[in-house]
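> Structure in structure tokens, see below.
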Amino acid sequence: MSDSPKAQSGDFLSNLGKIYGWYTGGFAAFVLVLAVLEQVGVPNRIIGYLFVFLTIGVYALIGYLSRTAQVSEYYVAGRRVPALYNGMATGSDWMSAASFIGMAGTLYLQGYDGLAFVLGWTGGYVLVAILLAPYLRKFGAYTVPDFLGARYGGNLARLAGVIVLMSASFTYVVAQIFGTGIIASRFLGISFELSVFVGLAGILVCSMLGGMRAVTWTQVAQYIILIIAYLLPVVLLSAKVTGVPVPQLMYGQALEQIEALRATKEALAGAPSHITPFINSDPINFFGLIFCLMLGTASLPHILMRYFTTPSVRDARQSVAWSLFFIFLLYFTAPAYAAFAKLEVFTNVIGAPIASLPEWVSIWTNIGLVRVTDANADGILQFREFVINADAIVLATPEIAGLPYVIAGLVAAGGLAAALSTADGLLLAIANALSHDIYYRMIDPQADSKRRLVVARVLLIVVALVAAWVASTRPAGILAMVAWAFSIAASGLFPALVMGVWWKRTTSAGAVAGMVVGYGVCLFYLIGTQYMGMPLWFGIRNISCGLFGIPAAFLTTFVVSLMTQAPSQAMQDFIDSIRTPRGGVRMVSGEKVLD
């Protein structure tokens, strides 16, 4: 039997089911051992340390074992990732701290209005499947700026793409590192500012050594942990409240009990309905956010990169379908998570004596995510005297519901997996854009593979450290930062990507002008309203700033393309070829189209 790297890779790919089956069994055994240790009196802090450090250690080990010195493996995992596992890795890449930590919390606080995030993010994958993923895979590029540079014939479009990619991905990665800071500060008992750098260590080991190859196989492992960690607490809560361990079908009973408590429990006076629409939002902001999140999903470079790793165009299509399934498992559960968590708070916390509140309240108060006052001076906690941050709901729910601490540790491990997996993908997208699209394509085209990989790894470390520093300043909530990233990506990239595939007449000048205008308008509105005191336009919140940038980009691209010379016939024929469902991958190099 050959011992070559290719043969070893083939053996690994043929045994994926067995490898990840053993991994899942081993993780389940690990959780059971910790549950036993809790029962025999091992301190909660020790259990928290074991969950955090052992899971990070496993990810680091996978990153080390998947290390590579081959450029194709580093950038696109050798294009040998089966659709099922690529879908799982994409689900993990997608299931960021915003999805795992923030979404159920937002549904808890906003009720019906929080569904905009679920609808926007899920619907975005339909756009990915229909408009972009298979065609970008058939195009044969390494990165999103690679596609822009090849499709629009020059480095100007590539540079514009890198700038948008950097802005959106950096904003997004700060949110992920912020999430690791919350988890580590709670379960390791260290300061938030220090905890963001602790989480960063696990991120760097995975992505720095093996690039896309290491990140892919680590993300599959992370998905297994995060989905178990997300489902188990709410399954237990559903069984406790309704007697049926299927929360996705039973949370209607929880909603009924919430509404009944809200109407009859004196301490809940002033609590808004969980099921009435447009209490915290209005229709234009609700549907505007859905629109921005959908188009942003179809524009995120670290997600689109995942479909460059599949063996074929057909696998890219199947991979999108698997991605939707694995994402669906969490998104279908998030409303139930919010409902059961709110029921526990309304039942056991609101209306209780402030002097005898459970320990978790003081713990999360010290972290800054819970605030309790006694405005009525009656010693009884009223609804308006209890403020809980959306980012605390998922992590605190096991403690709120009185579940064993090992469940809380498991949820922390899941949240850490979600944040780390997305941070890995984002940092890799940024580093790859800088090393491949700027350094190799524009500065030193003669650089050998060794130098290119060194540059990629150095840039990855630099960007990660800067992102960790920004996260340590607590710039905003997780969900707000993530939504900004989606609007930035959609405004700067979506029109150029979609029109580049679906309108042959799109020119280089048109695409670049559209990216500049869309990105500029979006950023102007975001910065102006968030930091400069600028009034809102038409009442639209800056979380949906893409509502102004996206139309501006489409219109500019269309008008400028009509005013400039059409692309060459060879390029137009090439675009026709990548829109053909059948056939192999077509490769591009600079302005030259290759068969």
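> Check off (1) surrounded by fewer than 18 Cβ atoms within 10 Å (Cβ to Cβ); (2) without any contact (Cβ under 8 Å) to a residue 60 or more places away in the chain; (3) farther than 26 Å from ALA355 by Cα; (4) not polar (S, T, N, Q) for ALA377 and give me the number that stays unchecked.
Condition (3) is where ALA377 drops out.
> Separate question: From ALA509, ALA513, grab the single residue that is buried (at least 19 other Cβ atoms within 10 Å of the Cβ), at pLDDT 90 or above and part of a helix (DSSP H, G or I).
ALA513
> If you don't mind, another one. Just the residues that are assigned to a helix (DSSP H, G or I), closer than 19 Å to GLY181 by Cβ and in contact with a strand residue (DSSP E or B) (Cβ under 9 Å, 6 or more places away or on another chain), please, taken from segment 361-398.
Quick first cut of segment 361-398, residues assigned to a helix (DSSP H, G or I) only: 361-367, 383-385, 390-398.
Going one step further and asking which of them are closer than 19 Å to GLY181 by Cβ, we end up with 363-367, 390-396.
The answer is ILE363, TRP364, THR365, ALA392, ALA396.
> Does segment 101-114 contain at least one residue that is touching a helix residue (DSSP H, G or I) at 6+ places or on another chain (Cβ under 7 Å) and over 23 Å from LEU231 (Cβ atoms)?
First, the residues of segment 101-114 that are touching a helix residue (DSSP H, G or I) at 6+ places or on another chain (Cβ under 7 Å): 101-109, 113-114.
Next, from what is left, pick out any that are over 23 Å from LEU231 (Cβ atoms): 113.
Yes, segment 101-114 contains a residue that is touching a helix residue (DSSP H, G or I) at 6+ places or on another chain (Cβ under 7 Å) and over 23 Å from LEU231 (Cβ atoms).
> List every residue pair whose Cβ atoms lie under 6 Å apart, where the two residues are 6 or more positions apart in sequence or sit on different chains, the first residue falls within segment 91-117 and is under 13 Å from LEU479 (Cβ atoms), and the second residue, located anywhere, is charged (D, E, K, R) and at pLDDT 90 or above.
TYR108/LYS342
> Somewhere in segment 464-478, is a residue farther than 17 Å from PHE147 by Cβ and among the basic types (Lys, Arg)?
yes
> Only residues that are under 17 Å from PHE51 (Cβ atoms) and surrounded by 20 or more Cβ atoms within 10 Å (Cβ to Cβ): list them for segment 225-263, please.
Across segment 225-263, the qualifying residues are ILE225, LEU226, ILE227, ALA229, TYR230, PRO233.
> Name the helices (runs of 4 or more DSSP H) wholly within segment 11-121 that hold at least 2 residues that are small (Gly, Ala, Ser), at pLDDT 90 or above and surrounded by fewer than 24 Cβ atoms within 10 Å (Cβ to Cβ)?
Ranges flagged: 16-39.
> Please tell me if LEU148 is buried (at least 24 other Cβ atoms within 10 Å of the Cβ), modelled with pLDDT of 85 or more and part of a helix (DSSP H, G or I).
Against the criterion (buried (at least 24 other Cβ atoms within 10 Å of the Cβ), modelled with pLDDT of 85 or more and part of a helix (DSSP H, G or I)), LEU148 qualifies.
> Is it the case, given these coordinates, that ILE393 is surrounded by 24 or more Cβ atoms within 10 Å (Cβ to Cβ), of a type in the set (A, V, I, L, M, F, W, C) and at pLDDT 80 or above?
Answer is yes for this residue.
> Limited to segment 122-139, what total is found for residues that are surrounded by fewer than 21 Cβ atoms within 10 Å (Cβ to Cβ) and either among the β-branched types (Val, Ile, Thr) or over 13 Å from MET294 (Cα atoms) (or both)? Don't jump to the end; show me each part of the working.
From segment 122-139, those surrounded by fewer than 21 Cβ atoms within 10 Å (Cβ to Cβ) are 122-123, 126-127, 129-131; that's our starting set.
Next cut, either among the β-branched types (Val, Ile, Thr) or over 13 Å from MET294 (Cα atoms) (or both) only: 122, 126, 130.
Summing the residues that are surrounded by fewer than 21 Cβ atoms within 10 Å (Cβ to Cβ) and either among the β-branched types (Val, Ile, Thr) or over 13 Å from MET294 (Cα atoms) (or both) in segment 122-139 gives 3.
> To continue, here is another question. Among the numbered criteria (1) in contact (Cβ under 8 Å) with a residue 24 or more places away in the chain; (2) more than 27 Å from MET571 (Cβ to Cβ), which one does GLY528 miss?
Here GLY528 clears every test but (1).
> Also, I was wondering about something else. Select from segment 311-334 the residues that are surrounded by 24 or more Cβ atoms within 10 Å (Cβ to Cβ) and not hydrophobic (A, V, I, L, M, F, W, C) and write down the one among them that is nearest to LEU232 (Cα to Cα).
Here the residue is SER323.
> Being assigned to a helix (DSSP H, G or I), without any contact (Cβ under 8 Å) to a residue 60 or more places away in the chain, out of contact with any helix residue (DSSP H, G or I) (no Cβ under 6 Å at 6 or more places or on another chain) and surrounded by fewer than 17 Cβ atoms within 10 Å (Cβ to Cβ): is that true of ALA355 here?
So ALA355 fits the description; yes.
> If the requirement is being modelled with pLDDT under 95, out of contact with any helix residue (DSSP H, G or I) (no Cβ under 7 Å at 6 or more places or on another chain) and in a helix (DSSP H, G or I), which of these qualifies: LEU249, LEU304? So that I can check it myself, show each step before the final result.
On the way: LEU304 fails: out of contact with any helix residue (DSSP H, G or I) (no Cβ under 7 Å at 6 or more places or on another chain).
On inspection, the qualifying residue turns out to be LEU249.
> Would you confirm whether any residue within segment 120-143 is hydroxyl-bearing (Ser, Thr, Tyr) and more than 21 Å from the chain's Cα centre (by Cα)?
Checked segment 120-143: at least one residue is hydroxyl-bearing (Ser, Thr, Tyr) and more than 21 Å from the chain's Cα centre (by Cα).
> Restricting the first residue to segment 126-140 and requiring it to be outside any helix (DSSP H, G or I), which pairs with a second residue that is of a type in the set (A, V, I, L, M) meet a Cβ separation below 9 Å and a spacing of at least six or different chains?
The qualifying pairs are GLY140/ALA150; GLY140/ILE578; GLY140/VAL585; GLY140/MET587; GLY140/VAL588; GLY140/LEU594.
> Report whether or not LEU555 is assigned to a helix (DSSP H, G or I) and at negative phi.
Answer is yes for this residue.
> Quick check on segment 339-349. Is at least one of its residues surrounded by fewer than 22 Cβ atoms within 10 Å (Cβ to Cβ), under 24 Å from the mean Cα position of the chain (by Cα) and touching a residue at least 12 places away in the same chain (Cβ under 8 Å)?
no
The values are calculated or read from the model by the stated rules, or taken from the named source; none is laboratory data. The shown structure was predicted, so the numbers you read here are calculated from the model rather than taken from an experiment. Cβ coordinates were reconstructed from backbone atoms using ideal geometry, including for glycine residues, and neighbour counts include every protein chain displayed.
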